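**Student:** My structure is below; once you've seen it, I'll send some questions.
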Amino acid sequence: MIQEPVIDLATRDDAALIARMSRTEIEYGLPWSWTGSRVAQAMRDPETNVAVVRDSEALAAFGIMRYRETTAHLSLLAVRASRRRAGLGSAVLFWLEHVARTAGIAAIRLEARSDNPAALAFYEHHGYATFARRTGMYFGRVDGHRLEKILRRTE
Ligand SMILES: CC(C)(COP(=O)(O)OP(=O)(O)OC[C@H]1O[C@@H](n2cnc3c(N)ncnc32)[C@H](O)[C@@H]1OP(=O)(O)O)[C@@H](O)C(=O)NCCC(=O)NCCS
């Protein structure tokens, strides 16, 4: 039987682990922007959810989503390399999207590196579509895609 992952809100102890995973899995080759203090700040923000999946090796996956009035922004999402392709990323994304739907949010937006085909395939699989591409989106060094998923039509 496949066990559903347990998704929790992050606590202070998770901040450094999330920041480290962001640095190695997402921000590689770029200046480190999601430091521990920035992650901790996101946890304190009432409009942001930081969700985690823990396992015996500490942090298996995490996602950070900021909710505004009609749109939400997925800031970060990552799964530890040894736990990928087993539905964990999808489970964290569904959890964050469920909050957005419950809050009546119309669309979720995110950015992804153009040199990250796995992430682009993952988001496409989940109904996100590229609406813009920017050369040098990340510190002028790495190109990026802006993606959006419509949750409900507003007109
Ligand atoms: C992108 C990421 C979060 C996906 O997490 P995951 O737990 O491996 O994804 P899932 O197992 O839920 O995958 C769901 C579907 O997405 C697609 N997908 C996921 N990884 C893929 C890959 N490497 N190549 C192609 N398609 C992929 C597939 O359609 C997959 O379904 P399938 O396994 O039945 O074929 C993970 O690869 C990761 O952490 N990457 C490093 C960090 C990152 O790039 N984060 C996103 C940008 S912020």
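**Student:** Given the Cα-Cα distance of Arg133 and Ile150 and 0.36 nm per residue of separation, how much length would full extension add, in nm? If you can, show how the numbers build up before the last one.
**Tutor:** On the way: separation 17, 0.36 × 17 = 6.12 nm, distance 1.82 nm.
The span from Arg133 to Ile150 would gain 4.3 nm if fully extended.
**Student:** Please compute the per residue accessible area over the chain with all protein chains in place, 1.4 Å probe, rounded to a whole number of Å².
**Tutor:** Working: 9050 Å² over 155 residues.
Ligands and nucleic acids excluded, the result is 58 Å² per residue.
**Student:** Quick check: residue separation of Arg68 and Ala118 times 0.36 nm, minus the Cα distance between them. What number comes out in nm?
**Tutor:** Details: separation 50, 0.36 × 50 = 18.00 nm, distance 2.74 nm.
Fully extending the segment from Arg68 to Ala118 adds 15.3 nm.
**Student:** Taking 0.36 nm per residue of sequence separation and subtracting the Cα-Cα distance, how much length would be gained by fully extending the chain between Ser56 and Leu30, in nm to one decimal? Don't skip to the end; give the middle numbers.
**Tutor:** Numbers: separation 26, 0.36 × 26 = 9.36 nm, distance 2.96 nm.
Net length gain for the segment: 6.4 nm.
**Student:** Sorting His98, His125 by accessible area (1.4 Å probe), largest first, what list results? Provide the component values of the computation, followed by the final result.
**Tutor:** Numbers: His98 120, His125 145 Å².
Descending accessible area places them as His125, His98.
**Student:** What FRET efficiency comes out for the pair Arg20/Ala106, r = Cβ-Cβ distance, R0 = 35 Å, nearest 0.05?
**Tutor:** Working: r = 34 Å, r/R0 = 0.97.
For R0 = 35 Å, the calculated efficiency reads 0.55.
**Student:** Using a Gaussian network for the chain with springs between C-alpha atoms less than 10 Å apart, which of these wobbles most: His145, His126, His73?
**Tutor:** Result: His126 has the largest fluctuation of those listed.
**Student:** Rg and Dmax of the chain, Cα atoms, in Å?
**Tutor:** Reported Rg and Dmax, both Å: 15.0, 47.
**Student:** Just report the Cα centroid separation between the stretch 79-135 and the stretch 1-64, whole Å.
**Tutor:** Going from one Cα centre to the other spans 15 Å.
**Student:** Ignoring ligands, DNA and RNA, please state the percent of accessible area on the stretch 38-155 from carbon and sulfur, probe 1.4 Å.
**Tutor:** Working: 3110 of 6460 Å².
Accessible surface attributable to carbon and sulfur in the stretch 38-155 totals 48 percent.
The values are calculated or read from the model by the stated rules, or taken from the named source; none is laboratory data. Predicted, not measured: the structure shown is a model, and the values here were computed from it. A quick note on method: Cβ atoms are made from the backbone with ideal geometry, for glycine too, and the neighbour counts reach across all protein chains shown. These area figures cover heavy atoms from the full protein model, side chains too; ligands, DNA and RNA do not enter into them. Shrake-Rupley method; radii C 1.70, N 1.55, O 1.52, S 1.80 Å.
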